[in-house]
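Asks: Encoded as structure tokens, here's the structure I'll be asking about.
The values are calculated or read from the model by the stated rules, or taken from the named source; none is laboratory data. What you are looking at is a predicted structure, and each value in this text was computed from that prediction instead of being measured. Every residue, glycine as well, gets a Cβ built from its backbone with ideal geometry; the counts of neighbours run over all protein chains shown. Each accessible area value is taken on the protein alone, full model and side chains, heavy atoms only, with ligands, DNA and RNA left out. Shrake-Rupley method; radii C 1.70, N 1.55, O 1.52, S 1.80 Å.
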Amino acid sequence: MEKNRMADDNTPNWKDTLTLPRTAFPMKAQLNRREPEIIQKWQEMDIYHRILEARREGPLFILHDGPPYANGHIHLGHALNKILKDFIVRIRSMQGHRAPFVPGWDCHGLPIEHQVDQTLGKKKADMSVTEFRDICREYALRFLNVQREGFMRLGVLGDWENPFMTLQHEYEAGIIEYFNSFVKSGNVYRSKKPVYWCTHCRTALAEAEVEYHNHESHSITVRFPMPDPPDFLKPHVGDGLSVLIWTTTPWTIPANLAIALQPEAEYAVFEMDGQRLIAARRLIPVIAETAQKEFREIFVFPGARLEGFHARHPLYNRESLLITADYVMLDQGTGCVHTAPGHGEEDYQSGLRYKLDIYSPVQDDGRFDSTTGAYAGMHINEGNAAVLKDLEKGGFLLHKEIYPHSYPHCWRCRNPVIYRATAQWFISMDTADLRSRAMEATRSVQWLPVWGRDRMLSMLENRPDWCISRQRDWGVPIPVFYCEKCGEPLLNIEAVDQVREAFAANGSESWYKQPASDFIPAGTTCSACNATGFRKGMDILDVWFESGSSISVLESRKDHKYPAHVYLEGGDQFRGWYHSALLVGLSARNVSPYRTVVTHGWALDQEGKAMSKSLGNVIPPQQIVESRGAEILRLWVAMANYREDIRLGDEIISRVTESYRKIRNTWRFMLGVLHDFEPRRHSLDSCRLRETDLFILSRFEEVKENALAAYDQYDTHVVFHTLANFFTVDLSSFYLNFNKDNLYCNPIDSAQRRATQAAIHHMLRDSLLLMAPILVFTAEEAWRHLPDAEENDSIHLHTFPGLRKDLRERVDGRRWQAIMEVREIALKELEEARQRGEIGDSLEAAVSITLSPDQAQMLDSAQDLLNEILVTAAVYFMNGTETAIQVTPFNGGKCPRCWKRFASKSRVESQPELCPRCRKVIEVIHEPFQPDR
């Protein structure tokens, strides 16, 4: 304690006699400077492995990382995802689990190849496949390191020195092993069928690689003449009869081979603008209204009666078969569906059923082939206009208009995709009961949010067979061979296994450097022509098959086990990683690779719009980290319900920063009032706790219980808001506020002050532990300033605090409810008295409280307690029939040391201006103050 000093006016400086807060924990966070220092300290401590060692006896918990593409710098979606994963791993670790986290990267695929293509330009044409793959590998590894630094800077804990990568030899061998499991079960087959095709990237796409965006197409209604109608229609032909079709893809008209009708629906011959036409009866009024023409219905019949008859193609001298199909809808168009078996899934199925050619006259670059006559060499975009022109010229185009709708686009180049029939490799969803097994496994998984279960089931129920082949270079090749003589494919279990062994030793580059004979068992012959020469296929596996094969990490890494406890990704992964991992896991191990799936929303701008460079609303996480600190990003994630979309903008960042400031300042104040506290001498259990101490400790135990329960469900936003509310309402505005007099003015070693310090130390320590998974940097920094801090210790080596039921049992809840109800009324009266100018602040007030008999019994001996928590000069109780509170100015002196009012000045000679309490304190710490004369 410092000695009294004389102020300039010869009055004592009583402030120097107070025990004011003192701490080295800084008020200004300066997170952008301190965080890297803390990360450096963690690296020196090898904190990741020290935590695992501390939990070596704990139960294993695995959150398996969905590998992002090693492509570009991390964006806000990356930050959201990795921070959430870090929350969960740290939560389980602090619950006592052994929770390793091995980050991963998807190093193959179109995103990386696309970037390398752009960089190389025309140079690529002069390169071999192996040279090109070498450049792709260098690109992937470079950005892997960039992203690794970005994730580590966010405070994400993991085995960053030993991540898994899809280009690692053992990983590639695992991919081939899991592919072979599908081969063994008979799920892999090759077929010419329509798949999503990007004409820009020149490759097939899986459903997971397609995004839907708004697009404008030409909607056209076209007349297909019926020169030879069935007998039942001949009386109604007039000058000629035609079938009306409707489509939004005019470029597919050259590929038309059939027209599909709904068999049970009513169709009609009708006359419009002098032409006899056929369409679904219920749609004819809409057709006429769109064309702005009058119509007359002539003859009605069921669609099934036209099956097997023909119309004539409007552009070529060939017939179009009339067929029936249950998928024909009558909600738009004409009810007569243009069918091109090479350009649509349903069209393809109808083509198989009616033994039609799977005709797809579009090449891989989107240009028509020679079979289309005048359109040969045109890109389909040009072809659209040319087809429209020829249809109009021939008198077959009844109507055209621009049709805005949602249309599939390539996920990488953002160009519209098409359906195009090509020879591809597929995994059958129904062979070996794969679909039904996947749906059964889905029902056994815990989905957070719960709607994820139904979303996944719906996708599995309706998805087509999985197209797993890609016509690209950067990836793991499909281990299939083709007969050099007749082209028949060879998919041989033993050959696939030899490929696996080669990849394990030398990686997938061995496919491009070794001859086919190195992989194929001796004596193998072609099943079609008995030839013995084979060439290697050049298709690569779908990148989703690769990432789905990350189950190899669960099976091969130390401290890992199949299946994982948790997968956590964004909502797009239902058709992506969740999907592929489930199918691969079931094929390889017949068990779902995950027990729980947690799904988060999208990171949007402040207005709720998706972030994009074109809108100029992208917020790079690096910008926030460098200006405000990673802790602000972590708190942003924790404050929001991440299972919904999360918004971010300047205003939101400011609110998050303010919330952080309040938490930090509360911790700083608590540390400050503990500067002279020794936890071992004044433990919570050894102190004589007052009623107010017990009340706040009871409230804190309740908060702790709620926070720990929320952590169990990964509800970090509930944890944050529960603790933040306690900090603001219960601590800062209540307990810490009214205890300032106790902490500052009472003797240092008074039992009352030490008990309050013990309570504060308990709440500070436990609140730091509770917030440690979220505010990893600040909790660590504050932990090192605790009175009992140890050198080279880390808060992250500790576990969550246990619950102290005994503290809650010592509090009379009904009594405190009554106290707080009276307090609330009294605070309102005090504020009104202040506004009327009757008092300056609460310390000048005397509060008279009239209590009902029941209240008087409940609040027995609570007069001094209420005076303390109201921070008033005096509280008086009076008996009455109902509660009434009156505030009046207190008539007495003001103590210059504690500012409290007291009844009258003492008649003693020494410091008569002080209140009795302060005078006693001064007598203990000093000789009576005698100013120089």
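Asks: Sorted by packing (mean other beta-carbon atoms within 10 Å per residue), highest first, where do 149-159, 194-204 land? Walk me through the numbers before you get to the answer.
Replies: Values: 149-159: 20.7, 194-204: 22.3.
By packing density, highest mean first, the sequence is 194-204, 149-159.
Asks: OK, next. Residue by residue, what Karplus-based ³J(HN,Hα) values in Hz, rounded to whole numbers, does region 314-328 have, using 6.51, -1.76 and 1.60 with θ = phi - 60° and x for Gly and Pro?
Replies: Along region 314-328, the couplings run x, 10, 10, 7, 8, 8, 10, 6, 8, 10, 10, 7, 5, 7, 5 Hz.
Asks: How much area per residue is accessible in the chain when the probe is 1.4 Å and only protein heavy atoms are counted (Å²)?
Replies: That works out to 43 Å² for each residue.
Asks: What FRET efficiency do you get for GLU702 and MET878 if R0 is 35 Å and r is their Cβ-Cβ distance, rounded to the nearest 0.05? Kindly include the intermediate steps, with their values, before the conclusion.
Replies: Working: r = 33 Å, r/R0 = 0.94.
After rounding to 0.05, the efficiency reads 0.60.
Asks: Quote to one decimal, in nm, the extra length available between GLU297 and ASP273 on full extension: 0.36 nm per residue of separation minus the C-alpha distance between them. Please report the intermediate quantities before stating the final value.
Replies: Details: separation 24, 0.36 × 24 = 8.64 nm, distance 1.25 nm.
Net length gain for the segment: 7.4 nm.
Asks: Another one. Once phi is turned into θ = phi - 60°, what whole-Hz ³J(HN,Hα) does the Karplus curve with 6.51, -1.76 and 1.60 give for every residue of region 842-854, x standing for Gly and Pro?
Replies: 5, 5, 8, 9, 10, 10, 9, 10, 8, 10, 6, x, 5
Asks: Counting helices only, and only those DSSP H runs with n ≥ 4, report the 222 nm mean residue ellipticity of the chain as the sum of -39,500 (n - 2.57) divided by its residues, in deg cm²/dmol to the nearest 500. If you can, show how the numbers build up before the last one.
Replies: Values: 29 runs with 351 residues, N = 933.
Result for the chain: -11500 deg cm²/dmol, rounded to the nearest 500.
Asks: Simple spin-label model, 7 Å along Cα-to-Cβ: LYS234 to HIS169 in nm?
Replies: Once both label points are built, they end up 7.8 nm from each other.
Asks: So, one more: Toward the positive end of the charge dipole of region 645-810, about the Cα centre and with charges on Cβ (Lys, Arg +1; Asp, Glu -1), which of SER733, PRO773, ASN792 goes farthest?
Replies: So the residue furthest toward the plus end is SER733.
Asks: Then there is this: Tell me the carbon and sulfur percent of the accessible area for region 813-926, rounded to whole percent, probe radius 1.4 Å. Walk me through the intermediate numbers first.
Replies: Working: 3040 of 6440 Å².
Carbon and sulfur together cover 47 percent of it.
Asks: Going by amide H atoms built from the backbone, whose H comes under 5 Å of the H on THR324, apart from near neighbours?
Replies: LEU261
Asks: Related question: Stokes-Einstein D for the chain at 37 °C, 0.692 mPa s, Kirkwood Rh over Cα pairs, in µm²/s? Can you show the working numbers first?
Replies: Numbers: Rh = 33.9 Å.
Rounded to a whole number, D works out at 97 µm²/s.
Asks: Give a residue-ordered list of calculated ³J(HN,Hα) values for region 329-342 (Karplus: 6.51 cos²θ - 1.76 cosθ + 1.60, θ = phi - 60°; whole Hz; x for Gly, Pro).
Replies: 9, 10, 9, 7, x, 10, x, 10, 8, 4, 10, 10, x, x
Asks: Taking Cα atoms, how many degrees apart are the long axis of helix 716-725 and the longest axis of the chain, rounded to 10 and kept between 0 and 90?
Replies: Orientation of helix 716-725: about 20 degrees from the principal axis.
Asks: Still on this structure, please answer the following. Run the dipole for region 645-810 about the Cα centre, Lys and Arg Cβ at +1, Asp and Glu Cβ at -1, nothing else charged, and hand back the magnitude in debye, nearest 20. Mind dumping the intermediate values first?
Replies: Working: 21 positive and 26 negative charges, 93 e Å.
With only Lys, Arg, Asp and Glu charged at Cβ, the dipole is about 440 debye.
Asks: Compute the length gained on full extension between THR799 and LYS828: take 0.36 nm times their separation in residues and subtract their Cα-Cα distance, giving the result in nm to one decimal.
Replies: On the way: separation 29, 0.36 × 29 = 10.44 nm, distance 4.19 nm.
Gain in length upon complete extension: 6.2 nm.
Asks: Still on this model: Per 0.36 nm of contour for each residue apart, how much would the distance between GLU149 and LYS485 grow if the chain were fully extended, relative to their Cα-Cα spacing? Don't skip to the end; give the middle numbers.
Replies: Numbers: separation 336, 0.36 × 336 = 120.96 nm, distance 5.19 nm.
Taking GLU149 through LYS485 to full extension adds about 115.8 nm, to one decimal.
Asks: At a Förster radius of 45 Å, what calculated FRET efficiency corresponds to the Cβ-Cβ distance of ASP854 and GLU607, to the nearest 0.05?
Replies: Numbers: r = 54 Å, r/R0 = 1.20.
The computed FRET efficiency comes out at 0.25.
Asks: So, one more: Within the set LYS122/LYS389; LYS234/LYS355; LYS28/LYS609, which residue pairs have Cα atoms separated by over 30 Å?
Replies: LYS122/LYS389; LYS28/LYS609
Asks: Please name whichever of GLN332, HIS565, THR666 sits farthest to the positive end of the charge dipole of the chain, dipole taken about the Cα centre and charges placed at Cβ: Lys and Arg +1, Asp and Glu -1.
Replies: THR666
Asks: Please give the per residue volume of the convex hull enclosing the alpha carbon atoms of region 645-810, rounded to a whole number of Å³. Kindly include the intermediate steps, with their values, before the conclusion.
Replies: Values: hull volume 20.0 nm³, N = 166.
In region 645-810, the Cα hull volume divided by residue count equals 121 Å³.
Asks: Let me ask another. How large is the direction-averaged shadow of the alpha-carbon convex hull of region 203-420, in nm²? Present the calculation step by step, with values, prior to reporting the outcome.
Replies: Numbers: hull surface 46.8 nm².
If you wrap the Cα atoms of region 203-420 in a convex hull and average its projections, you get 11.7 nm².
Asks: Let me ask you something else. Could you sort the peptides 61-72, 561-572 by per-residue average Cβ neighbour count (10 Å cutoff), highest mean leading?
Replies: Numbers: 61-72: 23.2, 561-572: 19.7.
Sorting 61-72, 561-572 by mean packing, highest first, produces 61-72, 561-572.
Asks: Dividing the alpha-carbon Rg of region 725-876 by 2.2 N^0.38 Å yields what?
Replies: Working: Rg = 19.0 Å, N = 152, 2.2 N^0.38 = 14.8 Å.
For region 725-876, the normalised Cα radius of gyration is 1.28.
Asks: If you line up the long axis of helix 434-444 against the longest principal axis of the chain, both from Cα atoms, how many degrees apart are they, to the nearest 10?
Replies: So the helix axis and the longest Cα principal axis differ by about 10 degrees.
Asks: For an R0 of 45 angstrom, estimate the FRET efficiency from the Cβ-Cβ distance between SER556 and GLU644 and round to the nearest 0.05.
Replies: Here the calculated transfer efficiency is 0.80.
Asks: Something else now. Among DSSP bridges having both ends in region 813-926, what percentage is antiparallel? Round to the nearest 5. Each step should come with its number before you reach the end.
Replies: Values: 8 of 14 bridges.
Among the beta bridges of region 813-926, antiparallel pairing accounts for roughly 55 percent.
Asks: Round to the nearest 10 and give me the degree value, 0 to 90, for the angle of helix 31-45's Cα axis relative to the longest principal axis of the chain.
Replies: Taking the Cα atoms of the chain, the angle to 31-45 is about 80 degrees.
Asks: Also: Once amide H atoms are built 1.01 Å from N in the peptide plane, which residues 5 or more positions from PHE164, or in another chain, come under 5 Å H to H?
Replies: Here GLY104, TRP105 satisfy the definition.
Asks: Ordering PHE164, PHE800 from largest to smallest accessible area (1.4 angstrom probe), what's the sequence?
Replies: Numbers: PHE164 0, PHE800 25 Å².
Largest accessible area first, the list is PHE800, PHE164.
Asks: Taking H placed 1.01 Å from N in the peptide plane, check which residues at least 5 places from VAL480 or on another chain put their amide H under 5 Å from its amide H.
Replies: Placed amide hydrogens put GLY537 under 5 Å from VAL480.
Asks: If you don't mind, there's one more thing I want to ask. Scale the Cα Rg of region 196-277 by the rule-of-thumb value 2.2 N^0.38 Å and send over the ratio, two decimals.
Replies: Working: Rg = 18.0 Å, N = 82, 2.2 N^0.38 = 11.7 Å.
For region 196-277, the normalised Cα radius of gyration comes out at 1.54.
Asks: Nearest 5 percent is fine: what portion of the DSSP beta bridges confined to the chain is antiparallel? Working shown, then result.
Replies: Numbers: 75 of 107 bridges.
Among the beta bridges of the chain, antiparallel pairing accounts for roughly 70 percent.
Asks: Further question on the same structure: Would you work out the relative contact order for the chain, in percent, from Cα pairs under 8 angstrom that are 6 or more residues apart? List each step's numbers first, then the result.
Replies: Details: 1659 pairs, mean separation 129.7, N = 933.
For the chain, the relative contact order is 14 percent.
Asks: Mind jotting down the distance between the C-alpha centroids of region 409-448 and region 682-699, whole Å?
Replies: The distance from the Cα centre of region 682-699 to that of region 409-448 comes to 60 Å.
Asks: Give the distance, in whole Å, between the Cα centre of region 483-510 and the Cα centre of region 82-97.
Replies: Each part reduced to its Cα centre gives a spacing of 41 Å.
Asks: Treating only the Cβ atoms of Lys and Arg (+1) and Asp and Glu (-1) as charged, compute the dipole magnitude of the chain about its Cα centre; round to the nearest 20 debye.
Replies: On the way: 109 positive and 125 negative charges, 234 e Å.
Value, rounded to 20: 1120 debye.
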